[in-house]
Amino acid sequence: MIINNNCLECSDMLRGRVDKKFCSDSCRNVYNNRVNGNVNNYVRNVNNVLRKNRRILESLFRLGDKQVHKGLLIEMEFNFQYFTHKKFNRDSVTFCIYDYEYSTQENSKYVVISLADLNVDTARRKSRKLPDYNQFRLDEL
Ligand SMILES: [Zn+2]
């Protein structure tokens with residue numbers, strides 16, 4: 001069986017091991033730097049958007065503006081597509097951006113900014129109990 005592999009970076013034909021992907025260390029480095037560089041850029045850009053969103057919420061919260069028109073947030077270049085996590089309440093949704101959060105009701109033009117409860121996730125994890133599988137088996141007998 002002839003396997004015709006080419007270097008992922010320069011497309012030169014590869015000689016040697018079948019699982020070889022690059023013709024040389026320099027091709028491997030150039031390739032990995034480019035691929036990882038894209039990922040790092042993406043992560044950096046998302047983090048920048050999240051940080052900017054957080055700064056906007058923080059500045060309004062510190063000014064005492066807890067209830068804010070969405071239009072103001074848009075004017076301040078708040079990006080509603082980015083948040084760190086989300087909580088569903090009975091009649092509203094809360095979007096968290098690190099230690100700040102805003103809740104909004106369906107079709108409302110306003111959001112209410114508050115400080116996030118930083119212990120929520122830990123508390124939830126502690127209270128989650130795994131079922132006792134040994135007990136299940138005993139009960140079935
Ligand atoms: Zn190469």
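Values quoted throughout were computed directly from the atomic coordinates according to the rules given, and no laboratory measurement underlies them. The shown structure was predicted, so the numbers you read here are calculated from the model rather than taken from an experiment. Ideal geometry is used to build each Cβ from the backbone, glycine not excepted, and the neighbour counts take in all protein chains shown.
Here the label points at His69 and Lys20, each 7 Å from Cα along the C-beta direction, are separated by 6.7 nm in the simple model. Taking N as the residue count of the stretch 25-127, its C-alpha radius of gyration divided by 2.2 N^0.38 Å amounts to 1.39. In this calculation the C-beta distance from Val49 to Asn107 is compared with R0 = 30 Å, giving a FRET efficiency of 0.75.
Taking GluC sites (Glu not before Pro) across the stretch 1-95, the ones in a DSSP loop with at most 15 further Cβ atoms lying within 10 angstrom of their Cβ are Glu77. Taking R0 as 41 Å, what's the FRET efficiency between Tyr31 and Asn79 from their Cβ-Cβ distance, rounded to 0.05? Efficiency at R0 = 41 Å is approximately 0.80.
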